[in-house]
Amino acid sequence: MNSSLALSIERSKTLRVVAKNWAFFFLLFFLILFSITGRGFLSVMNFQNIVHLSVIAILMASAETFVIITSGIDLSIGFVMGLSSVTAGKIIQILYNSGNHSAGFSIFIGISIALVLSLIPGIISGIMIAKYKVPPFIATLGMWGITNGIALKISNGFPVAELPDSLTKIGNGYTLYYKPGGGFSFFGLPEGVGNEHIRDYIRLIPNSFLFLAIVLFILYFLLKKTKFGQHTYAIGGNEDAAIRSGINVKKHLIIIYTLSSFIAGIAGIFNIFQTGIGNFTPFGAMYELFAVAAVVIGGASLMGGKGGILASVVGVLLIAVLENGLLISGVEPFYRFIAVGLLLILAIVIDELFPDLF
């Protein structure tokens, strides 16, 4: 093998590595860029805030990842999240404000019922798609409207408030508090220290990080290390071949859409802990489209068979860092929409140029 051929092969390998991991390299680039241009961007607190505020988006993207790998799409997850949030909030509100139940009991019952309820939209969408061959776009768009209407009915169009303060203390709390010269405290400020002195402490590892790490580990293991995950990729790669190989595709698709809906329900529960209210999903939030964009930017293909949980997380963080960096750097907010659109187009172009990378 002559030197020019060897160099050409090496360049080709390098190009493929860069193309496969372009979102990660872009994330590093923006981290460096905004660290230079944005005052206060390069700080532990800012990075913690970026991830903490991205938890819901990461959960939604994780839900969409399973669906997109099977070459489907779930447009209902944004309002399933809202339905879960207002349902849990309403139940907690009724039980807690009755004075007959503790905050812990009220929260447990509200969460449990909301999570069970969040399974139903996914089951219905899955049955329509798998058994009656309704296109995923249409089936989940219909469920998008139904869940939105139910959420608005439950909440009467207003956020569900008057919930226990312990919700936000847990959802926005930190695992570790450190006061220079004063030692460490775990899962809360030391006894007798009020919130007015919280600035005296360095807050590390938000509770949301632990929650997110557990959920992502389970989803990653399910997708990458189990037969269920292998079947998911097989269906997205070639559904006819999956059927011939003995995979129960109909049953699997019903489970996939139920799982997507359930993860959206978990996102709704986290929303309560983060905000302290049961909040229906506003129309302008477009969580489901943001999730699809993040998954595609992370390397998944809308044609199916490609994608991964960690790649989708990178997609979410890339968008989040871009938005945060533009804000801190003083760039007008509407440019973020242009930037996200360009990233999405770039992801599609790379997928077309390197179809066998992922």
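The values are calculated or read from the model by the stated rules, or taken from the named source; none is laboratory data. The shown structure was predicted, so the numbers you read here are calculated from the model rather than taken from an experiment. Here the Cβ positions follow ideal geometry from the backbone for every residue, glycine too, while neighbour counts run over all protein chains shown.
Looking at S4, S35, S54, S8, which is the one that is at pLDDT 90 or above and either over 20 Å from the mean Cα position of the chain (by Cα) or surrounded by 18 or more Cβ atoms within 10 Å (Cβ to Cβ) (or both)? So that I can check it myself, show each step before the final result.
Details: S4 fails: at pLDDT 90 or above; S35 fails: at pLDDT 90 or above; S8 fails: at pLDDT 90 or above.
Matching residue, one of S4, S35, S54, S8: S54.
Could you go through the stretch 155-166 and let me know if any residue there is at pLDDT below 95, of a type outside the set (G, A, S) and under 22 Å from the mean Cα position of the chain (by Cα). Outline the logic, then answer.
Of all residues in the stretch 155-166, those at pLDDT below 95 come to 155-166.
Next cut, of a type outside the set (G, A, S) only: 156, 158-160, 162-165.
If we keep only those that are under 22 Å from the mean Cα position of the chain (by Cα) as well, we get 159.
Yes: one or more hits.
From A161, A114, grab the single residue that is over 30 Å from I68 (Cβ atoms), in contact (Cβ under 8 Å) with a residue 40 or more places away in the chain and not charged (D, E, K, R).
Going through A161, A114 in turn, just one is over 30 Å from I68 (Cβ atoms), in contact (Cβ under 8 Å) with a residue 40 or more places away in the chain and not charged (D, E, K, R): A161.
Which pairs do you get when a residue that is in contact (Cβ under 8 Å) with a residue 24 or more places away in the chain, found in the stretch 127-145, comes within reach of a residue that is in a helix (DSSP H, G or I) and among the hydroxyl-bearing types (S, T, Y), reach meaning Cβ atoms under 6 angstrom, with the pair 6+ apart or on two chains?
Listed pairs, sorted by first residue: T140/S125; M143/S125.
Quick one: which residue in G145, G122, G149, G157 is in a loop (DSSP other than H, G, I, E, B) and within 19 Å of T281 (Cα to Cα)?
Details: G145 fails: in a loop (DSSP other than H, G, I, E, B); G122 fails: in a loop (DSSP other than H, G, I, E, B); G149 fails: in a loop (DSSP other than H, G, I, E, B).
The conditions single out G157.
Only one of these conditions is not met by I68: (1) hydrophobic (A, V, I, L, M, F, W, C); (2) more than 26 Å from A294 (Cα to Cα); (3) modelled with pLDDT of 95 or more. Which number is it?
Of the numbered conditions (1) hydrophobic (A, V, I, L, M, F, W, C); (2) more than 26 Å from A294 (Cα to Cα); (3) modelled with pLDDT of 95 or more, the odd one out for I68 is (2).
What is the number of the single condition among (1) assigned to a loop (DSSP other than H, G, I, E, B); (2) modelled with pLDDT of 85 or more that N271 does not meet?
(1)
Quick one: N248 ticks every box in (1) among the polar types (S, T, N, Q); (2) surrounded by fewer than 24 Cβ atoms within 10 Å (Cβ to Cβ); (3) at pLDDT below 90 except a single one, so which number is it?
The one condition N248 does not meet is (3).
Name the residue that is surrounded by the most Cβ atoms within 10 Å (Cβ to Cβ), counting only residues in the stretch 287-323 that are modelled with pLDDT under 90 and under 30 Å from P164 (Cβ atoms).
Here the answer is E288.
For the stretch 94-115, does any single residue satisfy the condition of being in a helix (DSSP H, G or I), touching a Gly at 6+ places or on another chain (Cβ under 6 Å) and farther than 19 Å from L317 by Cα? Spell out how you get there, then give the answer.
We begin by selecting, within the stretch 94-115, every residue in a helix (DSSP H, G or I); these are 94-97, 103-115.
Filter again for touching a Gly at 6+ places or on another chain (Cβ under 6 Å), leaving 115.
From what is left, the residues that are farther than 19 Å from L317 by Cα are 115.
Yes.
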